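Chemist: There's a structure below that I have some questions on.
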Amino acid sequence: MPHEYWRVFISAVAGGGGVEYTSADEVEMRESVGGASVCTGGAIIASSEVDLGGNGRASEAYDGSLFTYWVSELSPPQWIGYHFASAKEIVEIAIHNPADDPGNPEALSLEYSDDGIEWTSADNWSGAAWPTAGWQVFTRSAISYGATAAGTPRRPSGAVAARHAPPGFA
């Protein structure tokens, strides 16, 4: 069912409870499996962000560059999302992150809202890992497609490495 607001809610990160941020190089929301991101013409929303002078802002996760990133001000739970100009049915999300960053999402859910206040979970995943820099793709389990086991991360080949250095990570 189409909704105007969609967000990625991050409840845990790779580094565990001692990590005081979460991050993403890029976030894509798709209306079809393997399709293009539909995050255009609306407004970027986030629980928090840190302005690091060219990085850190939520807008950096939607700018098409693997060399910029969003970083939250606080530890999880945190979220980043999109308020679409018209309702969309998001069936897949893709997140690009560097290898082994303790702020990489480990447990996350895709949530929607019609008012930006009350949120409902569309699907959730745990055990996400970025052993190498690249994309993790998460397809909703309620949507059945043959290319990937529904609800499990897909790792496209040919991932591009990105530079990334959020607070406290060398």
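Chemist: Cβ-Cβ under 7 Å, sequence separation 6+ or interchain: first residue in the range 8-29 and over 21 Å from Ser121 (Cα atoms) and touching a residue at least 60 places away in the same chain (Cβ under 8 Å), partner among the charged types (D, E, K, R) and assigned to a strand (DSSP E or B). Which pairs?
Modeler: That search, which allows pairs on different chains as well, returns Ala14/Glu106.
Chemist: On the basis of being part of a loop (DSSP other than H, G, I, E, B), out of contact with any strand residue (DSSP E or B) (no Cβ under 6 Å at 6 or more places or on another chain), exposed (fewer than 14 other Cβ atoms within 10 Å of the Cβ) and at pLDDT below 95, does Ala162 make the cut?
Modeler: No: the conditions fail for Ala162.
Chemist: Just one of Ser48, Ser65 is part of a loop (DSSP other than H, G, I, E, B) and farther than 23 Å from Trp119 by Cβ; which is it?
Modeler: Selected residue: Ser65, the only one of Ser48, Ser65 that is part of a loop (DSSP other than H, G, I, E, B) and farther than 23 Å from Trp119 by Cβ.
Chemist: Here is a further query. Would you check which residues across the range 118-145 are closer than 18 Å to Met1 by Cβ, free of Cβ contacts under 8 Å to residues at least 60 places away in the same chain and either in a loop (DSSP other than H, G, I, E, B) or acidic (Asp, Glu) (or both) and list them?
Modeler: Passing the criteria: Glu118, Asp123, Arg140, Ser141, Ala142, Ser144.
Chemist: Given the criteria open to solvent by 10 Å² or more (accessible area, probe 1.4 Å) and assigned to a strand (DSSP E or B), does Glu28 qualify?
Modeler: Spelling it out, Glu28 is indeed open to solvent by 10 Å² or more (accessible area, probe 1.4 Å) and assigned to a strand (DSSP E or B).
Chemist: From the residues in the range 65-103 that are over 14 Å from the mean Cα position of the chain (by Cα), under 18 Å from Trp6 (Cβ atoms) and of a type in the set (A, V, I, L, M, F, W, C), which one is most open to solvent (accessible area, probe 1.4 Å)?
Modeler: This residue is Ala85.
Chemist: Return the residues of the range 70-102 that are modelled with pLDDT of 95 or more, among the small types (Gly, Ala, Ser) and outside any strand (DSSP E or B); say none if nothing qualifies.
Modeler: Residue satisfying the conditions is Ser72 alone.
Chemist: Name the one entry in Ser86, Ser48, Ser11, Ser23 that is more than 23 Å from Trp130 (Cα to Cα) and among the polar types (S, T, N, Q).
Modeler: Result of the check over Ser86, Ser48, Ser11, Ser23: Ser86.
Chemist: Here are the criteria: (1) part of a strand (DSSP E or B); (2) out of contact with any strand residue (DSSP E or B) (no Cβ under 6 Å at 6 or more places or on another chain); (3) open to solvent by less than 30 Å² (accessible area, probe 1.4 Å). Tell me which single one Val8 does not satisfy.
Modeler: (2)
Chemist: Glu60 - would you say it is acidic (Asp, Glu) and open to solvent by 60 Å² or more (accessible area, probe 1.4 Å)?
Modeler: no
The values are calculated or read from the model by the stated rules, or taken from the named source; none is laboratory data. Everything numeric here is computed off the predicted structure, so don't read it as measured data. Ideal geometry is used to build each Cβ from the backbone, glycine not excepted, and the neighbour counts take in all protein chains shown. To get the accessible areas, we keep the full protein, side chains included, count just its heavy atoms, and leave off ligands, DNA and RNA. Shrake-Rupley method; radii C 1.70, N 1.55, O 1.52, S 1.80 Å.
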